[in-house]
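Q: Okay, handing you the structure first.
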Amino acid sequence: MDSVVLVTQRLSRSTLYDELTRNPESLEENGITRVLRIGDCLEPRVTAESVFDGHRLAREIDTSDPAVPLWIRS
């Protein structure tokens, strides 16, 4: 028996990011200087890529601009 599985309409899940960044004054009042997006918040990805995003950010969080990767997975 042959099967076809279609994966369509993959959407980013940025609800938490959107809610956190909706009120920048509140972030500032609470000492939060930035909120970064990784993984499926940026674009739908396979699990390994999302895990790599988290690993990369953990290693590069103290760089001048951690939103810009210093190291890219090939």
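Q: When Cα Rg over 2.2 N^0.38 Å is calculated directly from the model, which label among [x] 1.43; [y] 1.59; [z] 1.36 fits?
A: [x]
Q: Given Cβ point charges of +1 (Lys, Arg) and -1 (Asp, Glu) and nothing else, what value in debye, to the nearest 20, does the dipole of the chain about its Cα centre take? It would help to have the intermediate numbers written out before the result.
A: Numbers: 9 positive and 13 negative charges, 53 e Å.
Dipole of the chain, to the nearest 20 debye: 260 debye.
Q: For helix 47-60, report the angle its Cα long axis makes with the longest principal axis of the Cα atoms of the chain; keep it between 0 and 90° and round to the nearest 10°.
A: 20 degrees
Q: Please identify, among Glu60, Glu49, Glu25, the residue showing maximal mean-square fluctuation in a Gaussian network model of the chain using a 10 angstrom Cα cutoff.
A: Residue with maximal mean-square fluctuation among Glu60, Glu49, Glu25: Glu25.
Q: Can you give the FRET efficiency for Arg10 and Asp62, using 1/(1 + (r/R0)^6), R0 = 25 Å, r = Cβ-Cβ distance, to the nearest 0.05? If you can, show how the numbers build up before the last one.
A: Numbers: r = 32 Å, r/R0 = 1.28.
Efficiency computed from Cβ-Cβ geometry: 0.20.
Q: While we're looking at this one, here's another question. Leaving out ligands, DNA and RNA, and with a 1.4 Å probe, what % of the accessible surface on the chain is carbon or sulfur? Please list the in-between numbers first.
A: Values: 3320 of 6480 Å².
The value for the chain is 51 percent carbon and sulfur by accessible area.
Q: Just to confirm, what accessible area per residue do you get for the chain at 1.4 Å probe, in whole Å²?
A: Per-residue value: 88 Å².
Q: Would you rank Ser12, Ser3 by solvent-accessible area, highest first, keeping every protein chain in place and using a 1.4 Å probe?
A: Values: Ser12 55, Ser3 100 Å².
These residues rank, largest area first, as Ser3, Ser12.
The values are calculated or read from the model by the stated rules, or taken from the named source; none is laboratory data. Just so you know, these numbers come straight off a predicted model, no measurement behind them. Every residue, glycine as well, gets a Cβ built from its backbone with ideal geometry; the counts of neighbours run over all protein chains shown. These accessible areas exclude ligands, DNA and RNA; they are computed on the full protein's heavy atoms, side chains included. Shrake-Rupley method; radii C 1.70, N 1.55, O 1.52, S 1.80 Å.
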